[in-house]
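Scroll down for the structure; my scribbles are underneath it.
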Amino acid sequence: MDPSFTAYYVAELPLQSSIRNFLERQRRFQRNLAVVSSGGTTVPLEKHTVRFLDNFSTGRRGAASAEYFLESEYAVVFLYREGSLRPLQRRLAKLVTDPVTVLVSEGHIKEGVASFRVTADAQAALVQYERALKEERVLEVPFCTVYEYAQYLELIASASAVFERNAILYMAAAVSDFYLRFEDFKSHKRTSDSALVLKLSCTPKLLDLLRELWAPQAFVVAFKLETSMETLHERAQLTASRSGAHIMVANLLHERHHRVWILENGRMEEIECPESDTEIEKRIVEAVIASHRCYLDADR
Ligand code: PAZ
C-alpha cells in the first residue's frame, strides 16, 4: 500500500484487542460472521483538524443491514462512521425525529399526558437487538477518517480470515476515493491569505486488497454508488470484475433507499421497495445470505 497513505496509521488502534477477543469468541461458538462497514469517511486537511472533506452517507444501509444479519443469527462486526446511524439506536432516534413511526397512541390521556407504546415492529427490533447484545454477538467499531477506516478494515478482515468461507464482508461504507498525501498534510489550520489548491491522490483499492491479501476466502459484497443511470451498471460491472467481489450492489444516490440492482455471476437483478413497504436492506440481506449459503455448499 502507498506509504504516503499508511503514514497516517497509528501504532495501535483503540479497539484492537476487543476485536481479536470478539472474533475468537465467535469462532468458539462456530458462528457465521458478517463484517458490515457503514457511513462516510473524512479526509482531514490539518492534523489539528478544523477543515475536512466528507460525503453524504447517513449510515442507514449499514445499520439496517447489520440488524438483519443479527436477525439471521450471524455475529456482526459493525464498522461505522462516528455519529452516523447505528443498529437499534436508529430506531430509538426516530422517537425524537419521527415519533409517529415508532409510537402508537394508547388512546387515553392521564393527568393531561397522552400515553403511548412503541409499535410492534420497533418492539421486535428492540428485543432482537437486546438478545444479540446479551449473546455478545455484535461489536461496534467507530471510525472517522479514511485512514482509520482502512486500518481497521485491514485488521478486522485479516483477523476474520480464519472464518474462511463463513465470513461475509459487506462493504456498504462510502469510502473517499481521494486522500491528501501525508507530505501535504499540515499540522495547524491553513491560512486564508490566498486561494487553497489541493492535489488529492487516489485512495488504495481496499476491495482488491480484501480479496487478494486480507481475507481471500471470505464472501465479499461490494457496493457501487453513481448519480447517473447511464454509468451505473457499466461501472458496477467493471468494479466487480476488477475486485472479484462475489456480489455487487449498485445504487443511485437519490433512490438508494428504495431501489438497487444486485449483480452476481454476470446477472443483474433489480430490487424495488416503496418507502412504506419492507426496508430494502431486508431484501438485500436475504439475497446475500441465500448466495452465501450456496457459496458454503459449493465447498462441501
Ligand atoms: O449510508 P446511506 O444509507 O445513506 O447510503 C448507502 C450507500 C449509498 C453509501 C451505499 O449503498 C453504497 O453504495 N456504498 C458504496 C458507495 C461507493 O463507494 O460507491
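Kindly check whether there is at least one residue in the range 263-275 that is within 11 Å of the ligand (Cβ to nearest atom) and surrounded by 13 or more Cβ atoms within 10 Å (Cβ to Cβ).
The answer is no; no qualifying residue exists.
Please go through the range 209-231 and give me each residue that is in a helix (DSSP H, G or I), surrounded by 18 or more Cβ atoms within 10 Å (Cβ to Cβ) and not charged (D, E, K, R), ordered by number.
Within the range 209-231, LEU209, LEU210, TRP214 meet the criteria.
Could you tell me which residue of the range 53-72 is nearest to GLU286 (Cα to Cα), considering only residues that are surrounded by fewer than 21 Cβ atoms within 10 Å (Cβ to Cβ), more than 9 Å from the ligand (Cβ to nearest atom) and in contact (Cβ under 8 Å) with a residue 60 or more places away in the chain?
Looking at the filtered set, the residue picked out is SER72.
Could you check the range 2-21 and list, in sequence order, the residues that are part of a loop (DSSP other than H, G, I, E, B), touching a residue at least 24 places away in the same chain (Cβ under 8 Å) and under 24 Å from LEU139 (Cα atoms)?
TYR9, VAL10, LEU13, LEU15
What number of residues within the range 84-126 satisfy the criterion of being assigned to a loop (DSSP other than H, G, I, E, B) and closer than 23 Å to LYS282 by Cα?
Residues that pass the stated criteria total 7.
Please pick out the residue among TYR129, TYR149, TYR170, TYR80 that is within 16 Å of the ligand (Cβ to nearest atom), part of a helix (DSSP H, G or I), crowded, with 17+ Cβ neighbours inside 10 Å and among the hydroxyl-bearing types (Ser, Thr, Tyr).
Matching residue, one of TYR129, TYR149, TYR170, TYR80: TYR149.
Just a yes or no: is a residue in the range 62-74 closer than 19 Å to CYS144 by Cα, in a strand (DSSP E or B) and touching a strand residue (DSSP E or B) at 6+ places or on another chain (Cβ under 7 Å)?
The answer is no, given that none of the residues of the range 62-74 is closer than 19 Å to CYS144 by Cα, in a strand (DSSP E or B) and touching a strand residue (DSSP E or B) at 6+ places or on another chain (Cβ under 7 Å).
For the range 219-243, what are the residues that are of a type in the set (A, V, I, L, M) and within 16 Å of the chain's Cα centre (by Cα)?
VAL220, VAL221, ALA222, LEU225, listed by residue number.
Go through LEU45, LEU88 for me and flag whichever is more than 18 Å from the chain's Cα centre (by Cα) and either of a type outside the set (D, E, K, R) or more than 14 Å from the ligand (Cβ to nearest atom) (or both).
The conditions single out LEU45.
Quick one: which of ARG293, ARG235, ARG283 is assigned to a helix (DSSP H, G or I), more than 14 Å from the ligand (Cβ to nearest atom) and among the charged types (D, E, K, R)?
Result of the check over ARG293, ARG235, ARG283: ARG293.
Quick one: ILE247 ticks every box in (1) β-branched (Val, Ile, Thr); (2) crowded, with 16+ Cβ neighbours inside 10 Å; (3) within 11 Å of the ligand (Cβ to nearest atom) except a single one, so which number is it?
If we test ILE247 against (1) β-branched (Val, Ile, Thr); (2) crowded, with 16+ Cβ neighbours inside 10 Å; (3) within 11 Å of the ligand (Cβ to nearest atom), just (3) comes out false.
Taking the options GLU71, GLU135, name whichever one is closer than 28 Å to LEU207 by Cβ and among the charged types (D, E, K, R).
Of GLU71, GLU135, the one residue that is closer than 28 Å to LEU207 by Cβ and among the charged types (D, E, K, R) is GLU71.
Every number here is computed from the coordinates shown, using simple stated rules; none is lab data. Everything numeric in this text was worked out from a predicted model, so none of it was measured. Note that each Cβ is placed from the backbone with ideal geometry, even for glycine, and that neighbours are counted across all protein chains shown.
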